[in-house]
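For reference, the structure is listed below as structure tokens.
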Amino acid sequence: MAGFIIVGAQWGDEGKGKITDMLCEDFDYVVRFQGGNNAGHTVVFEGRTLKLHLIPSGIMYPDIVPVIGNGCVVDPPVLLSEMDMLEKQNISCERLVISTNTHLIMPWHRDLDGASEHRLGANEIGTTRRGIGPAYQDKASRLGLRMQDLFDRSILREKIASALEEKNDLLTKVYGLAPYTVDEVADEYLAYGERLRSHVTEISPLLNVALDRGDWVLFEGAQGTLLDIDHGTYPFVTSSNPTAGGACVGAGVGPTRMDRVLGIAKAYLTRVGSGPFPTELSDETGARLIEVGGEYGTTTGRQRRAGWYDAPVVKYAVEVNGLTDLAITKLDVLSCCETIKVCVAYEHRGKRYTTVPGHQSAFHHAAPIYEELPGWKVDISGCRRFEDLPAEARDYLGYLEELAGVPVSIIAVGPSREQTILRDWPQR
Ligand code: GDP
Ligand code: IMO
Ligand code: MG
């Protein structure tokens, strides 16, 4: 068995793309199992920077098979333009495989995402407006279109017609937007189908046979644990399951095939969009983390909210995902801090919480309780071994390890592939 899962242990943008890319050298398959082009994964290698939204990080290794799982939602023109962008950079997408069951983001999903956010006004979720929520909504309502529907004109027309019967009413009568015509959409999507046809196949048998053979398969999560629709800060979440269980559902592979579950966490914390964030800093320190960490969204360009590392959040991610290991990224960014705070618990109405409170109101109003540690104030981006790090940085990692209860096996000290310290990770 060699199934490995990577998940975000916070609110997304933890550096999953960087770690996935760095580990992919040893893998035969890399699988995205949920989410869509709401994700933005930045990969820096050989002096190049790639921003990926749908295609698994790892595509740049010539021998790996990148897979888009049934748990994802795919916007076909967005996927095709990402493939074109990669081909232009001499990165082949020929091996890309897409599940026959992957649901499609249709143009009305994009419209409805924007319109419903607009309607929520001050209560908006702050979605990426890529149509993610409405697409998953239709999947659950059994009104969705799937990859396999793109290859048969009459089935495609029938499904579009059935969806538009409801969507056109919603678009025109509720939101005052323009309707769609069945033929126009069908023609456009049949053309996308033609271009994608050779990539579409059943992925569950493909991955199970690969695992039987002893191949190494890496499941790359998008978003993060606290954005999970079941386990996150609902309703300020995405519409899929970025937690480890999502890897099984979203790729058709059983939990008994997984060897390790790696949670990625930033050495501090960020969040994009609305929702609770107890350790958020609205002061000069927060501004410095944003500036030094380059904390602007890969997908929407929005400035991320920033704050101190929240140990109860990561502890919660350890439990919900069954994490075996942690990767701590962006440790180099903390070199800008004289001292570093870590939230070890919260206080709400006289009660102390050491994990994420179950009730949303308690979490919204939770006051962080901090421990303060000395900073190291030196550039660590050139460190390649744990022993090269200053004592204060090693102590900081030791403290995070103690609070999480799992080992910090990987440490990132810069955006590029080689700016990584592997402490305890299997290599082939
Ligand atoms: P993802 O969505 O989890 O893949 O993360 P993003 O790519 O959206 O955001 C992480 C950002 O931090 C990207 O710009 C990465 O290039 C960058 N990054 C990743 N790891 C490190 C690190 O250890 N140090 C620094 N300075 N930047 C990093
Ligand atoms: P990666 O994979 C950070 C956030 C949005 C919004 C909420 C719902 O790069 O870590 P959606 O468009 O999914 O309906 O928006 O989720 N969000 C992310 N935040 N990183 C992401 O992906 C995100 N994908 C969605 O900002 O708050
Ligand atoms: Mg991102």
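Bear in mind these aren't lab numbers, they're just calculated from the coordinates by the rules spelled out. Small disclaimer: the values here were computed from a predicted structure and weren't measured. Because the Cβ atoms are built from the backbone with ideal geometry, glycine has one as well, and the counts that use them run over all protein chains shown.
For this structure, a couple of remarks:
- So residue 249, is it more than 24 Å from residue 37 (Cα to Cα), surrounded by fewer than 20 Cβ atoms within 10 Å (Cβ to Cβ) and either within 16 Å of ligand 3 (Cβ to nearest atom) or hydrophobic (A, V, I, L, M, F, W, C) (or both): no
- Elements of the type strands (runs of 3 or more DSSP E) sitting completely within the range 351-428 and holding at least 1 residues that are more than 26 Å from residue 324 (Cα to Cα): these cover 351-353, 367-374.
- All of (1) over 30 Å from residue 233 (Cβ atoms); (2) surrounded by fewer than 23 Cβ atoms within 10 Å (Cβ to Cβ); (3) not basic (Lys, Arg) hold for residue 98 with one exception: (2).
- Among the residues making up the range 281-306, those that are buried (at least 17 other Cβ atoms within 10 Å of the Cβ) and more than 16 Å from ligand 1 (Cβ to nearest atom) are 281, 285, 286.
- Number of the condition not met by residue 60 [criteria: (1) over 14 Å from residue 265 (Cα atoms); (2) assigned to a loop (DSSP other than H, G, I, E, B); (3) within 16 Å of ligand 2 (Cβ to nearest atom)]: (3)
- The range 114-152, residues that are on the phi > 0 side of the Ramachandran plot and touching a Lys or Arg at 6+ places or on another chain (Cβ under 6 Å): 131
- Among residues of the range 1-27 that are within 17 Å of residue 55 (Cβ to Cβ) and of a type in the set (D, E, K, R), those with a beta-carbon under 8 Å from a residue that is away from ligand 3 (no atom under 16 Å from the Cβ) and in a loop (DSSP other than H, G, I, E, B) at least six positions away or on a different chain give the pairs 18/417; 21/60; 21/417.
- Top-ranked residue of the range 255-276 - restricted to ones that are closer than 21 Å to residue 301 by Cα and not hydrophobic (A, V, I, L, M, F, W, C), ranked as farthest from ligand 3 (Cβ to nearest atom): 276
- Residue in the range 34-44 that is out of contact with any helix residue (DSSP H, G or I) (no Cβ under 8 Å at 6 or more places or on another chain), surrounded by fewer than 23 Cβ atoms within 10 Å (Cβ to Cβ), not in a loop (DSSP other than H, G, I, E, B) and not small (Gly, Ala, Ser) present: no
- Taking the criterion of being within 19 Å of residue 150 (Cβ to Cβ) and hydroxyl-bearing (Ser, Thr, Tyr), the residues of the range 193-215 that qualify are 198, 201.
- Lone qualifier among 238, 298 - being assigned to a loop (DSSP other than H, G, I, E, B), within 16 Å of ligand 3 (Cβ to nearest atom) and out of contact with any strand residue (DSSP E or B) (no Cβ under 6 Å at 6 or more places or on another chain): 238
- All conditions but one from (1) surrounded by 20 or more Cβ atoms within 10 Å (Cβ to Cβ); (2) among the small types (Gly, Ala, Ser); (3) more than 10 Å from ligand 2 (Cβ to nearest atom) apply to residue 222; the one that does not is (3).
- Flag if residue 137 is touching a residue at least 60 places away in the same chain (Cβ under 8 Å), closer than 27 Å to residue 30 by Cα and polar (S, T, N, Q): yes
- Residue in the range 364-374 that is surrounded by 18 or more Cβ atoms within 10 Å (Cβ to Cβ) and closer than 26 Å to residue 6 by Cβ present: no
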